[in-house]
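The numbers here are math on the coordinates, done by the rules we state, and not lab data. Small disclaimer: the values here were computed from a predicted structure and weren't measured. Cβ sites come from the backbone with ideal geometry, for glycine too, and all protein chains shown count toward neighbours.
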Amino acid sequence: MKIIYHQRVLLAILFLVSLNAMSQGLGKITGKITLSDNSPAQSVSVALKNTKYNTITNFSGQYEFKNLKPGNYILSINGLGIKAITETITISSNQTLSKNFQLNESKEKLNEVIIKRSKYKQNNPSLSLRLNTPVLEIPQNIQIISGQTLKDQQITSMSDGVIRNVSGAVRLEHWGDLYTNITMRGSQIQAFRNGFNVVSSFWGPLTEDMSFVDHIEFVKGPAGFMLSSGDPSGLYNVVTKKPTGITKGEVNVIGGSYDFYRASIDLDGKLDKKGKLLYRFNAMGQNRGSHRKFEHSDRYVIAPVISYQLDDKTKITAEYNYQRANMTEVGSYYIFGSDNMSYGTMPIDFTMTQPGLPDTKINDHSGYFMFEHNFNDNWKLTAQTSYFKYLQEGYSSWPTGVGSGDIDIDFDGEADGTLGVGEIIRNVAIWDAESNMYLGQLFVNGKFNTGIVSHKLLGGVDLGNKDYMADWGQSHNLDTFDNPFNIFAPNYGTPANGMPNFDRETPLKERAGGLMSSKYAAGYIQDELGFFENKLRVTVAARYTWLSQTNWGQTIEDSHITPRAGVSFSITPSTAIYGLYDQAFSPQSGIIENGDKVKPLTGNNVEFGIKKDWFDGAWSTTVSVYSILKKNELTSDPTNTAGQNFSVVLGEKRARGTEFDIRGKITEGLNLIANYAFTEAIVNQSNVPGIIVGSTVPGFAKHTSNAWLNYTLVNGKLKGLGASIGGTYLVGRLTDNWGTGLEKLPNYFKMDGGVSYETGNLKFTANMFNILNEYLYNGSFYSSGNGNINAYYWQTEAPRNVRLGVTYKF
């Protein structure tokens, strides 16, 4: 056995020596490609003709070829809309040759070419994801929804159809246009903006309006090592618009069904002749009605950005986003039946809301400051800080009693009366809230070689201080037993018990039911090692996180190390397979009725997949399989009575599934986004009576399928005329809580489509949503602990509706 062992050691040494010998004498070519205005030329193809070597420039316009044998090569720079450049070069033994080029094309022209080449596909993640690696080579499933996708589909906010563009994402609790709350891979994912975790409570953040959004990145599985602590199911990162250095503008006006009116402007340009001081300004105003009476959601946005290039290596950026929302009270979209009524038994436009209730008003502020410094072509320092301020003055509605004709309703410990079938006591509660978040990040990206092994190093720190407080403690019944609200004969006049009159004179801090807060500090490091000319990439990372969390007077402190290991191998330059093991560590907010402390959520993810770019990167496919195990996750306490928000520790749950995504330009003028996901989540361990081991976790759909196909004529007299068609199909929908109703949510199918015409600086777009005019809804069975409510509730979506838009570019 010793002989065999020594033989293996000797073979390993010989193998390493041979690799080192092979590396002796090899050369390297590096360079940077710029445009006519000296800005970096991103995503430009660079190749060595008649060899296997080809690449594209990164966001800094840089390219690199390593491990080249001495000899003559023909370097070629080419691409759609670019005047080709070829040059013969000679590489000597151990030589590093630097070759820079400047294209005649402007940044504006190159951007137009990139958009037309594949308007639905992006090759590189944003700077805020911190990864200086193309998506194809990252050992994780990352899907990017481009800005052009948002425009073509006339998406106006995060809750307005964004998730159709990524596999496995659903919204089973709508929350109107207040909060997005996306479920993916079996649980709610985290919300990020420009790389910052902007979740201060379960109910946030306010949905981002698309007027100031550049694109959206969905990261599947854990990413806590790079984006602060987070859920192992994933996250979405909203990337806001930044100055491009191109002087241009765009005005967009949309009108549609149910009193939908919207206007926005996007200005981009330079504030000095040298182009060092740049600006971007977005503003939007929107009035939006609803297919339900007395309901609306109006929104206003102002989002200025300024960047200044201090010198060739240093840049600072300052940004401010303001959103103002005026909307009907939270809960206006709910319909309650009774225990002998199933889902969807009321007209699609039915409402239980009370006209005359004041609007819920929200002011959402966020500010960012970023400092970027390039030490050289290989090392870069980024530091950024942000402040978020959320102010809400509003109301929420939820019934305190739903009648079935034979159950006494109990409000105060004694039987108060009986409600007949369809009779309801509506209740309105105050919901005033305030949130503050102070967040900071500092990280370094670097590249270097050790022998024949390349390294992409990422290291940094995250700091955060968040708090959230709210007043839910005041409520008012609108109706009485003598004069209840009857869903079969609704009376929207002055309610029998009058309108609410809540105390807002007392400061919110004194009225609030407590404070939710968290503080954290974390440090992390990651190294992506490249072997065999970077065909094989091995990622190793670790993150240390400390946090202190307070929930209504209960404080916990904890720390955790989360490791990460990934492997990605390029079978061909356009095909990569990968495997990933990752862990997550995330604080949780909630109240446990018996006073137990809330522990952070921990989880791990194992994932395998294959990615491929087709036809020179015009379109891409991703297939992934995963298994996620989560511990200590909180869930809503099934014994909650009306107005209670207690949570319980579920125990342990496991999610497994398969995902498939395709996006990009299939042929000239034809662009496609399609995806499918199979998701299955079960309970492995349960601490909750009534939730048995092996039961299905609520809050997702087992099968989700989406597609969006767009075709635009690129030649002929009708050049610029386009048409789109798309659909969403959900099978095996699970309700959003552990209710015990016998009715299951039916399968869901929605078809949308539209036409467009672009000529010169004008583009006309018309989309129709829910073309088949289906009765679409989500919901669940709800049973209150005091027995006052045992009923199905649901939220309907709009029937067939249209939007007509005009965009003018200048």
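Quick one: if the Förster radius is 60 Å, what FRET efficiency do residue 84 and residue 599 give, using the C-beta to C-beta distance and rounding to 0.05?
Details: r = 60 Å, r/R0 = 1.00.
Using R0 = 60 Å, I get an efficiency of 0.50.
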query: Distance in nm between label sites at residue 538 and residue 680, each 7 Å beyond Cα in the beta-carbon direction?
result: 3.4
field: Reach of residue 809 by Cα under 21 Å, taken over lysines that are not fewer than 8 positions away in the same chain
entry: 107, 109, 116, 119, 151, 241, 242, 248, 270, 719, 763
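Multiply the residue separation of residue 376 and residue 509 by 0.36 nm, subtract the distance between their alpha-carbon atoms, and state the gained length in nm to one decimal. Each step should come with its number before you reach the end.
Details: separation 133, 0.36 × 133 = 47.88 nm, distance 4.95 nm.
This chain segment gains 42.9 nm when fully extended.
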message: Can you compute 3J(HN,Hα) from phi for each residue in region 557-569, using the Karplus curve 6.51 cos²θ - 1.76 cosθ + 1.60 with θ = phi - 60°, rounded to whole Hz and x for Gly and Pro?
response: 10, 7, 9, 7, 10, 10, x, 8, 9, x, 9, 9, 10
- prompt: residue 619's amide H: which non-local residues (gap 5+, or another chain) put their own amide H closer than 5 Å, with H modeled 1.01 Å from N in plane and none for Pro or chain starts?
  reply: 614, 665
- request: Determine the gain in length on full extension of the stretch residue 36-residue 718; use 0.36 nm per residue of separation and subtract their C-alpha separation, reporting nm with one decimal.
  value: 242.2 nm
Sequence-distant aspartates and glutamates (8 or more away, or on other chains) whose Cα lies within less than 13 Å of residue 49: 87
- prompt: For region 509-543, which chymotrypsin sites (Phe, Trp or Tyr not before Pro) are in a loop by DSSP, counting at most 15 other Cβ atoms within 10 Å?
  reply: 532
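I'd like the trypsin sites (Lys or Arg not before Pro) in region 216-303 restricted to DSSP loop residues with at most 12 other Cβ atoms within 10 Å, sorted by number. Don't skip to the end; give the middle numbers.
Details: sites: 220, 241, 248, 262, 270, 273, 274, 276, 280, 288, 292, 293, 299; in loops: 241, 273, 274, 276, 288, 292, 293.
Loop-located and lightly packed - 273, 274.
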query: At a Förster radius of 41 Å, what calculated FRET efficiency corresponds to the Cβ-Cβ distance of residue 561 and residue 99, to the nearest 0.05?
result: 0.40
- request: Would you calculate the volume per residue, in Å³, of the smallest convex hull containing every Cα atom of region 115-240?
  value: 101
query: Counting only residues 5 or more places away or on other chains, whose amide H sits under 5 Å from the amide H of residue 776 once H atoms are built in the peptide plane?
result: 797
Under 19 Å from the residue 497 label point (7 Å along Cα→beta-carbon), backbone N, region 414-452: 414-432
statement: In nanometres, the difference between 0.36 nm per residue of separation and the alpha-carbon distance of residue 272 and residue 764 is 173.8 nm
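Assuming a strict under-24 Å limit between Cα atoms, what lysine pair count do you get for region 314-458 once near-sequence pairs (fewer than 8 apart, same chain) are dropped? All intermediate terms of the calculation are to be shown ahead of the outcome.
Working: 315/380; 315/447; 315/456; 361/389; 380/447; 380/456; 447/456.
Lysine pair count for region 314-458: 7.
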message: Using a 7 Å offset from the Cα along the Cα-to-Cβ direction at both residue 749 and residue 482, what is the distance between the two label points in nm, to one decimal?
response: 5.2
field: Histogram of C-alpha separations across the chain, 20 Å bin width, %
entry: 14, 47, 30, 8, 1
message: Take residue 312 and residue 696, extend 7 Å from each Cα along the Cα→Cβ direction, and tell me the distance between the two endpoints in nm.
response: 6.2
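Kindly state, as a whole number, the per residue volume in cubic angstrom of the convex hull around the alpha carbon atoms of region 724-806.
Numbers: hull volume 9.7 nm³, N = 83.
Enclosed volume per residue, from the Cα hull, is 116 Å³.
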statement: Sequence order, region 794-810: Karplus ³J(HN,Hα) from phi using 6.51 cos²θ - 1.76 cosθ + 1.60, θ = phi - 60°, Hz rounded, Gly and Pro as x, gives 7, 10, 8, 9, 5, x, 3, 8, 10, 9, 10, x, 10, 10, 10, 9, 9
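Relative contact order for the chain: what is it in percent, counting Cα pairs under 8 Å that are at least 6 residues apart? Let's see the in-between values first.
Values: 2258 pairs, mean separation 86.1, N = 810.
Taking the mean separation of contacting Cα pairs over the length of the chain, I get 11 percent.
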- prompt: Amide H to amide H under 5 Å from residue 431: which residues, 5+ apart in sequence or cross-chain, H placed 1.01 Å off N in plane?
  reply: 394, 395, 396
- request: Select from region 560-639 those chymotrypsin sites (Phe, Trp or Tyr not before Pro) which occupy a DSSP coil region and have at most 14 other Cβ atoms within 10 Å, ordered by residue number.
  value: 615
query: With θ set to phi - 60° and the Karplus curve 6.51 cos²θ - 1.76 cosθ + 1.60, what are the ³J(HN,Hα) couplings of region 91-100 in order, to the nearest whole Hz, using x for Gly and Pro?
result: 10, 9, 4, 6, 8, 10, 9, 9, 10, 9
